[in-house]
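Report on the following structure.
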Amino acid sequence: MAEADRKNRELSVFQAILARRSVRTYEPRTLDITTVQTLLEAAVRAPTAMHEEPWSFVVVQDKSALKRLSDDAKPLFIERLLHAEPPTPRVLHTFNHPDFNIFHEAGTLIIIGTKMSGSFVEADCWLAAENLMLAACAMGLGSCVVGSSLSALNTPAVKAALGIPAEFKAIAPIVVGVPRGKSVATPRKKPQVLSWMFPNVGVRDVHPS
Ligand SMILES: Cc1cc2nc3c(=O)[nH]c(=O)nc-3n(C[C@H](O)[C@H](O)[C@H](O)COP(=O)(O)O)c2cc1C
C-alpha cells in the first residue's frame, strides 16, 4: 500500500485496538526512517511512573543481522522453555527447524528496553510497546512481540554485536512491517469481573453479557 493510501486509512484508537493482531507474514521491504520515528514518537507518549521515561530503543533493519540473531536466539529459547515448562512437540519442531525465523522475516525489529532499574521500568516499557503496536496498526502496519528473542538479546555477545550498551536490558522486542495477506484474529475470553462496587448499593454480582 502506498504511503498516502496508508495515511488516508488511519484508524481511530478503538478501531486499532480491535484490529491489532500479531502479524507473522510480511512484505520483504523495510520501513523508512520517518515511519520508524513516528512509531517511536507514539511509544514515548505512554504513561510513565514518576515521569521517569526509562525507555530507550534499538532498531535493527539489517536482514542478515536479524537472521543471525534468530539463529542465536532459537537454542537459547528452547533451553529456557525446557527449564520452565515442557515445550509442546509443535513448538520444539518449529524452533528446531533451520528455516524458521523467529522474527517472521520482518525487516524491522524495534527493541524497547532500559538502562535504568526500578519497580516500574518494565511496566513503562510494555506500555510504550502497546502504544507503538497500536500506532503501527492504525498506520496499516503489522507488528508482533517476539519474546523468544529476549534471552539472546540480553547476552553480552549480542549486545556487543548490535552496539547496545552493556547496561541496557531488552524488555519488549517488536517486529514491524507491511503485512502480507490477512492475519486472523485470535479469540478473547470475556472480561472476568471479580467484584464491582456500585455507588450506594455496594457489591453486586456482575454477569457477563
Ligand atoms: C510477552 C509476549 C511475548 C510474545 N512472544 C512471541 C514470540 O516469541 N513469537 C510470536 O510469534 N508471538 C509472540 N507473542 C505474540 C502472542 O503469541 C500473541 O499476542 C497472542 O497469541 C495473541 O494473539 P494476537 O496478538 O494476534 O491477539 C508474544 C506476546 C507477548 C505479549
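Just a yes or no: is a residue in the range 145-165 assigned to a loop (DSSP other than H, G, I, E, B), at pLDDT 95 or above and near the ligand (Cβ under 10 Å from one of its atoms)?
Yes, some residue in the range 145-165 is assigned to a loop (DSSP other than H, G, I, E, B), at pLDDT 95 or above and near the ligand (Cβ under 10 Å from one of its atoms).
What number of residues in the range 71-89 are without any contact (Cβ under 8 Å) to a residue 40 or more places away in the chain and not acidic (D, E)?
Number satisfying all stated conditions: 10.
Pairs, please: C-beta under 8 Å, at least 6 apart or cross-chain, first residue under 15 Å from A128 (Cα atoms) and in the range 46-70, second basic (K, R) and surrounded by 14 or more Cβ atoms within 10 Å (Cβ to Cβ)?
P54/K115; S56/K115
If you take the residues of the range 52-98 that are surrounded by fewer than 16 Cβ atoms within 10 Å (Cβ to Cβ) and among the hydrophobic types (A, V, I, L, M, F, W, C), which of them is nearest to R24 (Cα to Cα)?
So the residue we want is V91.
Look through the range 65-122, keep the residues that are among the small types (G, A, S) and within 13 Å of the ligand (Cβ to nearest atom), and return whichever of them is nearest to V23 (Cα to Cα).
Checked the range 65-122; the qualifying residue nearest to V23 (Cα to Cα) is A106.
Just need a number here: residues in the range 174-207 that are among the aliphatic types (A, V, I, L, M) and within 31 Å of the chain's Cα centre (by Cα).
Going through the range 174-207 one residue at a time, the tally reaches 8.
Given the conditions (1) within 22 Å of C137 (Cα to Cα); (2) free of Cβ contacts under 8 Å to residues at least 24 places away in the same chain, and given that T35 satisfies all but one, which numbered condition is not satisfied?
(2) is the only condition that T35 fails.
The values are calculated or read from the model by the stated rules, or taken from the named source; none is laboratory data. Just so we're clear, the structure is a prediction, and the values are computed from it rather than from any experiment. Every residue, glycine as well, gets a Cβ built from its backbone with ideal geometry; the counts of neighbours run over all protein chains shown.
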